Structure formats: structure tokens, C-alpha cells
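What follows is one structure encoded as C-alpha cells, with my remarks underneath.
The values are calculated or read from the model by the stated rules, or taken from the named source; none is laboratory data. The structure presented is a predicted model; accordingly, all values stated were derived computationally and were not measured. Cβ: placed from backbone, ideal geometry, glycine included. Neighbour counts: every protein chain shown.
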Amino acid sequence: MIQQSAAENIHEPNGRITGSDEKSCEFCGEIIKIRDEICPKCCVHFRKRVGKTGLPLWPFFLVFVIGILAAITIPEYARFRTRANNAKAFSDLRNTATAQEQYFLEHEEYAASIEALIGPVYGLYIGEDVKISMHSVDGKNYLIVAFHERGTKKYMLRGPNGKVQESPKR
């Protein structure tokens, strides 16, 4: 057991007296400075314990950085998925219009329902969550409405030769 005297000297278990900035090597008994990490006689490494109190800060910093990255990327990922869903609805609308025009070339009228266009004949395949409604009023004009269930926009196309109109999905 180490005892400290009033004169800042430490009595080592082996009877030697050392200064307050010295300690003895646990293996060979050589007196070394506290700030030294290696005993000069036996070359044993010592860990410095001066000033080390409490928990290290790097795990807290790491959790903080991961939290900031998650706060940025999760909402951005949700916006990315919404844009992708809207793009899928737009793409399916344009493909439906192309299939409708192919149908017109063969039958000289537009299809009254979307079921007539789906399949390998006109190459129309609709995405799982895309909802498309199609109406042909007189066989010479049509209206196609498309939206994705998890999207934010609804697309309409009046044909033939119409432009796609976009509106918020309600």
C-alpha cells in the first residue's frame, strides 16, 4: 500500500521513497517518472491514468453524427419514394396513351376500357399500385386519368394529341 507523507514523498511497498512525480515499476522496482510510459530498465509499457476521469466522448459524438445523418436522410428518402411513385403513374399514363393510339390504328376507334389494352398485344402493363381509369366518349376521343396510391399527383390526358395535365391527388 502506498502512503503519502507531508513532504509530498511516497513510501513504496519496497521501502524506497519517491517524489510526487515518480513511481516505481511494478515488475522490476526501478523508479520512473509518472509521465513516462516505458520503464527504461525492463521496457514494460504503462498506461497513463493522469487526467482520465469519466466516460470517453467519442461514442456520444458518434451517436450525435448518426442522429444528424438520419434526420437528413430519412425525410429525403421519403420524398424520393414519392417522386418515384409519381413518375411511375406518369409513365403508365403515357404508355396507356401509346397503347390507345395503337388500338385506334387497328380498329379505327379508341378502346372503351383499359382491359382491351392490357397484355402483350399492345404492350401495356400497369404497375401494382398505379390506378388508371380510361373513358372513350364517342370512339374518337378519350380521357385517361392515372395516379399512384402512395403518390401525391394525379395525371390526366385528353386525346388524341393532348398534353398531360397534372394536379394534386385528393
Look at Lys154 and say whether it is basic (Lys, Arg), modelled with pLDDT of 90 or more, closer than 27 Å to Arg83 by Cα and surrounded by 19 or more Cβ atoms within 10 Å (Cβ to Cβ).
-> yes
Restricting attention to region 143-164, the residues that are without any contact (Cβ under 8 Å) to a residue 60 or more places away in the chain and within 17 Å of Leu124 (Cα to Cα) number exactly 5
Which condition does Tyr110 not pass, out of (1) closer than 20 Å to Ala84 by Cα; (2) surrounded by 14 or more Cβ atoms within 10 Å (Cβ to Cβ), if it passes all the others?
-> (1)
Flagged in region 45-62 as surrounded by 10 or more Cβ atoms within 10 Å (Cβ to Cβ) and modelled with pLDDT of 75 or more, in numbering order, are Phe60, Phe61, Leu62
Within region 128-170, count every residue that is β-branched (Val, Ile, Thr), assigned to a loop (DSSP other than H, G, I, E, B) and out of contact with any Lys or Arg (no Cβ under 7 Å at 6 or more places or on another chain).
-> 1
What are the residue pairs meeting all of these: first residue in region 90-114, first residue touching a residue at least 24 places away in the same chain (Cβ under 8 Å) and within 11 Å of Leu124 (Cα to Cα), second residue among the polar types (S, T, N, Q) and crowded, with 19+ Cβ neighbours inside 10 Å, Cβ atoms under 9 Å, and 6 or more apart or on different chains?
-> Gln100/Ser136
State all residues of region 126-151 that are basic (Lys, Arg) and modelled with pLDDT of 90 or more; if no residue qualifies, say none.
-> Lys131, Arg150
Go through region 116-126 and give me each residue that's within 39 Å of the chain's Cα centre (by Cα) and farther than 11 Å from Asn95 by Cα.
-> Gly119, Pro120
